[in-house]
Amino acid sequence: MSSFRIAVFASGSGSNFQAILDHVNQQKLDIHIELLVCDRPGAKVIERAEKAGIPVFVFRPKDYISREMYEQEIVNELQKKQIDLIVLAGYMRLVTDTLVKPYYGKMINIHPSLLPAFTGLDAIGQAYKYGVKVTGVTVHFVDNGMDTGPIIKQEPVDIHEKDTIEELEQNIHKVEHLIYPEVIELIAEGRVRLEGRRVSLYPKK
Ligand code: GRF
């Protein structure tokens, strides 16, 4: 397998970014984070990337007249670096065709609920307040909708009566940090097939 090049997009703390980085390093995988794209100067994820010597493309959406303008700059960076997969990890923006068209099937997102339930912001809080007994984590391909793309993997997380929202958040993040690196590895090994809305996984034997 030749080196698999990923770009991670994040806006905040970057705990998923860190989990992916730690996983590829610990497992000595031939998967490399070539770029962090961040729309919030000062976000903690930038520190994490700098510490690991990973190049960062930071921008301020307000400095551009349209979303398409900054996305085109991002696409140029991705092409320069020959990125194989875009990994959205807490990137708090919708993406447009400028990114989706060239990268459909090569861009994934992680969402902290069992989609299609609780799309959008604060999915953990939405599930908690709704009172569901089971929520979870979804990894999916990205299309132009909000959390609507074809689902690659889902993992349930129980909500116990005594759980506080903080405990639920911790439980969700633990699962995210396990399954996101796993899915990236499967894609890098060519073990994920997308046909229409259906995604098939071919785990290692
Ligand atoms: C995660 O809960 C992810 O599911 C959601 O945004 C959060 C990002 O957290 N899309 P972090 O920045 O990776 O810690």
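The values are calculated or read from the model by the stated rules, or taken from the named source; none is laboratory data. Predicted model, so just to flag it, every value in this text is computed and none were measured. Here the Cβ is made from the backbone with ideal geometry for all residues, glycine too, and neighbour counts use every protein chain on show. Protein only, heavy atoms only, side chains kept; ligands, DNA and RNA dropped before computing areas. Shrake-Rupley method; radii C 1.70, N 1.55, O 1.52, S 1.80 Å.
Here is how the numbers come out for the structure above:
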| read-out | value |
| --- | --- |
| So residue 46, is it closer than 24 Å to residue 187 by Cβ, within 15 Å of the ligand (Cβ to nearest atom) and at pLDDT 95 or above | no |
| Among residues of region 135-146, those that are farther than 20 Å from residue 182 by Cα and either of a type outside the set (A, V, I, L, M, F, W, C) or open to solvent by less than 70 Å² (accessible area, probe 1.4 Å) (or both), counted | 3 |
| Residue match in region 99-122 (condition: outside the structural domain of residue 167 (by TED's automatic domain parsing) and at pLDDT below 95) | no |
| Residues within region 59-73 that are in contact with a helix residue (DSSP H, G or I) (Cβ under 7 Å, 6 or more places away or on another chain) and open to solvent by less than 60 Å² (accessible area, probe 1.4 Å), tallied | 5 |
| Among residues of region 70-93, those that are part of a loop (DSSP other than H, G, I, E, B) and within 16 Å of the ligand (Cβ to nearest atom), counted | 5 |
| Residue within region 159-172 that is open to solvent by 50 Å² or more (accessible area, probe 1.4 Å), in contact with a helix residue (DSSP H, G or I) (Cβ under 7 Å, 6 or more places away or on another chain) and part of a helix (DSSP H, G or I) present | yes |
| Selection within region 94-134 - within 11 Å of the ligand (Cβ to nearest atom) and open to solvent by 60 Å² or more (accessible area, probe 1.4 Å) | 121, 122 |
| Hey, residue 153 basic (Lys, Arg) and either farther than 30 Å from residue 186 by Cα or without any contact (Cβ under 8 Å) to a residue 40 or more places away in the chain (or both) or not | no |
| Answer from 148, 138 - the residue that is in a loop (DSSP other than H, G, I, E, B) and among the β-branched types (Val, Ile, Thr) | 148 |
| Leading residue by the ranking (nearest to residue 181 (Cα to Cα)) among those in region 2-31 that are more than 8 Å from the ligand (Cβ to nearest atom) and among the hydroxyl-bearing types (Ser, Thr, Tyr) | 3 |
| Out of 75, 87, sole residue that is touching a residue at least 12 places away in the same chain (Cβ under 8 Å) and out of contact with any Pro (no Cβ under 8 Å at 6 or more places or on another chain) | 87 |
| Count of residues meeting criterion [open to solvent by 70 Å² or more (accessible area, probe 1.4 Å) and over 17 Å from residue 86 (Cα atoms)] in region 174-205 | 9 |
| Region 37-60 residues that are acidic (Asp, Glu), paired with ones that are within 12 Å of the ligand (Cβ to nearest atom) (beta carbon under 7 Å, 6 or more apart) | 39/11; 39/93 |
| Output for region 1-48, where each listed residue is in a loop (DSSP other than H, G, I, E, B) and closer than 18 Å to residue 110 by Cα | 11, 12, 13, 14, 39 |
| Failed item, numbered, when residue 6 is tested on (1) within 16 Å of residue 91 (Cα to Cα); (2) open to solvent by 30 Å² or more (accessible area, probe 1.4 Å); (3) of a type in the set (A, V, I, L, M, F, W, C) | (2) |
